[in-house]
Amino acid sequence: MGYSTDFKGELKFNYELKASELNDVKKFFSEDCRDHDEWLNSTGLYYVDLEFTEDFSGIKWNGAEKPTIWWAL
């Protein structure tokens, strides 16, 4: 068996992002941390488990098993 952890809350942007900025952030969400030496940490977790809020005013946990890079924000 395992365990379950739920994370609540959002990180709000300080200003409304332009379409190009939203696109850059979206690309970040699909990255595998193993492809970026500077992102790796000692936990062995590799994926960016974040998504935009419904109104694109910030980011939040995407509901995956565990958030993996909150430490990098």
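The values are calculated or read from the model by the stated rules, or taken from the named source; none is laboratory data. Since we're looking at a predicted model, the values are computed, not measured. Neighbour counts are summed over all protein chains in view; Cβ atoms, including those assigned to glycine, are modelled from backbone coordinates with ideal geometry. For accessibility, only protein heavy atoms count, side chains too; no ligands or nucleic acids. Shrake-Rupley method; radii C 1.70, N 1.55, O 1.52, S 1.80 Å.
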Open item on the list: What pairs come out if I take residues in the stretch 17-39 that are open to solvent by less than 60 Å² (accessible area, probe 1.4 Å) and pair them with residues that are of a type in the set (A, V, I, L, M) and part of a helix (DSSP H, G or I) whose C-beta lies under 8 Å away, six or more apart or interchain?
Closed with: 17/25; 39/72
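In this structure, does residue 55 turn out to be open to solvent by less than 40 Å² (accessible area, probe 1.4 Å) and either acidic (Asp, Glu) or at pLDDT below 75 (or both)? Before you say what the answer is, go through the steps one by one.
Numbers: open to solvent by less than 40 Å² (accessible area, probe 1.4 Å): no; either acidic (Asp, Glu) or at pLDDT below 75 (or both): yes.
Against the criterion (open to solvent by less than 40 Å² (accessible area, probe 1.4 Å) and either acidic (Asp, Glu) or at pLDDT below 75 (or both)), residue 55 does not qualify.
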Task: Verdict on residue 43 being modelled with pLDDT under 70 and open to solvent by 50 Å² or more (accessible area, probe 1.4 Å) - done: yes
